[in-house]
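The next block holds one structure in the form of structure tokens; read it before the comments.
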Amino acid sequence: SGVAKSAPSRRVSAAVAQSQLAEEGDVSVSDDRDSVEPSSSAIDEIAERLAAFYAVLGEGRSNGGIEDSILLDFLGAVPGLLVEEPATVCTKLEQLSGSWGLHLSTMALFFTHVPDAWERPVEALVDQMARLGVVLGCSAGEAANLIGAVPPLFNIRATTIIKDKLDALGLRLGLPLLATVQLVTRQPLLWAVPPQHIQSGVPRLCNRLGLTTSEAQDLIARVPPILVLDEVQLQLQVGPLAATLRAPPAALIELLGRCLGLVSVPPEVLGSNLANLAAALGVEPCDALELATRQPALLAAQLPALVAVLEALQAGLALPNRLAALRVLLVEPALMGDTTEQGLTGRLESLAAAFQMSVVELRALAAQQPTLLVVAPSTIRAALAKAAADPEAPRLPADCLQLLLEDPGAFIALGYSEEVMGMWPVRLGLDPGDVEDLVDSQPALLELSPNTVKARLESLAALFGIPLRIAAQLVRKNPALATIPPNVVITRVKSLALALGQTMQTVGVMVAKSPAVLACAVATPGELNKDLKPYAGAVQEVTAAYEYYTMEWLSKGLKEVAPSRVQSFSSMDRR
């Protein structure tokens, strides 16, 4: 049944219990005195209450319920909600849903973001959103969505204050009030943007970048600091370049969202480099754009090495074309390591023997979950043996294969003892939490020794002039940097520095922050591509503006949500 499918785990129940019951005293305090652990009885009680709510409001209900993850966040966010009757909670949500024309999941998100609103009677909430909607020229549902996106607005009783702020913002954006409301709802950070910061509104973005009004709003929603750039910095004509690459404008908007500095590069520079990259890889220019967007750090490798890996993947996995091989690599950049056709064949045979399947079947699975191909046979054997010997719930190879497909990190961890896993933070010189985040995001790193991983992190830290911990975060964001040998990355940065006439440190910082700039400097070994040289300074200026204004607006937004956290530390002593 849907209830059984949605039943929360004991771990989830414990987490909710910790947040809901800590202030009620039904907890036991751990030895370190820094955290509160809920008692077993509290966990059981919470699990029972969660199951009741899941039955009434969860995905399994016949007429469309709340997504499980959203429901769990909702139940954990609103204080005291779990002690209410599920039917009563459901009735309130359904009444508001009908009044505002919003789905139950959207209603749950609203109260997750604005938990104080739950204490208000339905009639008061309906009246408040109706009045705000009239003032803003939008529906009550759109007004509720705006409040859910920008929670501090809920406590502003004078609706004209909200309208005046949005009017001023819309004037600088070049948008009518309703469109401004909808854009701020999509990108709440805009509420914290002082109108005077905006240099380029929607009309200028359309004119300079060749965008439609809708596409310009998509770009603003994706990367708000585009607004602070002046006319000269807006060089990349997205619309025409998208047509040349035979890619949707949304693909280039996503690229700019990940590397705003490229907006200052003329379209012919990026377009010609992507075309050259596509020709070398045996794919279309739009596919090269996908590479530059999803895994730009792969461009730090030597071009012939990248081609060789794609050839090995296409042959070893019997893929129909080079594009299929590229997409396998984009899913698992660790394959950029020592991947050969012969090595893939041997790995597939080992997997087939371990999981009692044919090589053909495993080959198809590996194309869907390429992490299969970076797990060592010894790790697989150890994990299978450990799973089969579990006294509480022994698992067959087929069960383990499903785990490997759905959660590679969990499966790989089975193949290591707790003692070995505990040595990783010590060997890497990082906090256990940082190591856990790193391994969770890139389970393939467990197939390298801690010393190898540390050496690569230290090399990246030295190259980019950053602490080891930041290098680990960088690798989490750009996993290819942990796979490509450090000397190759150093060589690539050195060549680019020579081509741009800048220091290695300057170029190293640029590549670390925006590896997609390498898409403007496609070159074979020994070749210096100087296409980016006239625009490197502009790229760096735009990147600096992106960082500065993002932090400025985030800080301003945080002051509105929790002023004491930013404006004064003295209040902490009075609590």
Q | Pick from the stretch 256-284, criterion closer than 23 Å to Asn321 by Cβ and hydrophobic (A, V, I, L, M, F, W, C), ranking: most open to solvent (accessible area, probe 1.4 Å) | A | Ala279
Q) Which of the residues belonging to the stretch 132-161 are part of a helix (DSSP H, G or I), touching a Leu at 6+ places or on another chain (Cβ under 6 Å) and either more than 19 Å from His103 (Cα to Cα) or without any contact (Cβ under 8 Å) to a residue 12 or more places away in the chain (or both)? A) Thr159
Q: Go through Leu205, Leu211, Leu190 for me and flag whichever is without any contact (Cβ under 8 Å) to a residue 40 or more places away in the chain and assigned to a loop (DSSP other than H, G, I, E, B).
A: Leu211
Q.
Exactly one of these conditions fails for Val134: (1) modelled with pLDDT of 95 or more; (2) in contact with a helix residue (DSSP H, G or I) (Cβ under 7 Å, 6 or more places away or on another chain). Give me its number.
A. (2)
Q. Before we move on, is Glu406 open to solvent by 40 Å² or more (accessible area, probe 1.4 Å), among the charged types (D, E, K, R) and at pLDDT 75 or above?
A. yes
Q: Answer yes or no: is there a residue in the stretch 519-539 that is of a type in the set (Gly, Ala, Ser), open to solvent by less than 20 Å² (accessible area, probe 1.4 Å), part of a loop (DSSP other than H, G, I, E, B) and within 30 Å of Pro443 (Cβ to Cβ).
A: no
Q: For the stretch 208-229, name all the residues that are under 18 Å from Leu171 (Cβ atoms) and open to solvent by 40 Å² or more (accessible area, probe 1.4 Å).
A: Thr213
Q. Just a yes or no: is a residue in the stretch 422-436 free of Cβ contacts under 8 Å to residues at least 60 places away in the same chain, more than 18 Å from Ala300 (Cα to Cα), within 24 Å of the chain's Cα centre (by Cα) and in a loop (DSSP other than H, G, I, E, B)?
A. yes
Q | Of all residues in the stretch 412-432 being at pLDDT 80 or above and open to solvent by less than 40 Å² (accessible area, probe 1.4 Å), the one that is farthest from Ala382 (Cα to Cα) | A | Leu430
Q. Hey, which of the helices (runs of 4 or more DSSP H) in the stretch 245-317, taking only ones fully inside, have at least 2 residues that are within 21 Å of Glu231 (Cα to Cα)?
A. 249-258, 267-281
Q. Within the group Gly141, Gly170, which residue is more than 27 Å from the chain's Cα centre (by Cα), small (Gly, Ala, Ser) and either surrounded by fewer than 21 Cβ atoms within 10 Å (Cβ to Cβ) or at positive phi (or both)?
A. Gly141
Q) So which pairs qualify, if the first residue must be in the stretch 332-357 and within 20 Å of Pro479 (Cα to Cα), the second must be acidic (Asp, Glu) and assigned to a helix (DSSP H, G or I), the Cβ gap must be under 8 Å, and the two must be at least 6 apart or on different chains? A) Ala334/Glu447
(Q) Tell me whether the stretch 237-253 contains one or more residues that are within 18 Å of the chain's Cα centre (by Cα), of a type outside the set (Gly, Ala, Ser), closer than 18 Å to Arg186 by Cβ and modelled with pLDDT of 95 or more. (A) yes
Q: Could you grab me the full set of residues in the stretch 240-252 that are in contact (Cβ under 8 Å) with a residue 24 or more places away in the chain and either open to solvent by 10 Å² or more (accessible area, probe 1.4 Å) or touching a strand residue (DSSP E or B) at 6+ places or on another chain (Cβ under 7 Å) (or both)?
A: Pro240, Thr244, Arg246, Ala247, Pro249, Ala250, Ala251
Q) Taking the condition open to solvent by 20 Å² or more (accessible area, probe 1.4 Å) and of a type in the set (Val, Ile, Thr), does Val359 pass? A) yes
**Q.** Lone qualifier among Ala444, Ala482, Ala398 - being more than 18 Å from Val509 (Cβ to Cβ) and touching a Lys or Arg at 6+ places or on another chain (Cβ under 6 Å)
**A.** Ala482
(Q) Can you report the number of residues in the stretch 479-518 which are surrounded by fewer than 19 Cβ atoms within 10 Å (Cβ to Cβ), of a type outside the set (Val, Ile, Thr) and outside any helix (DSSP H, G or I)? (A) 3
Q: Hey, could you check the stretch 113-129 for residues that are touching a residue at least 12 places away in the same chain (Cβ under 8 Å) and open to solvent by 30 Å² or more (accessible area, probe 1.4 Å) and say which is farthest from Pro79 (Cα to Cα)?
A: Val126
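The values are calculated or read from the model by the stated rules, or taken from the named source; none is laboratory data. Just so we're clear, the structure is a prediction, and the values are computed from it rather than from any experiment. Every residue, glycine as well, gets a Cβ built from its backbone with ideal geometry; the counts of neighbours run over all protein chains shown. Protein only, heavy atoms only, side chains kept; ligands, DNA and RNA dropped before computing areas. Shrake-Rupley method; radii C 1.70, N 1.55, O 1.52, S 1.80 Å.
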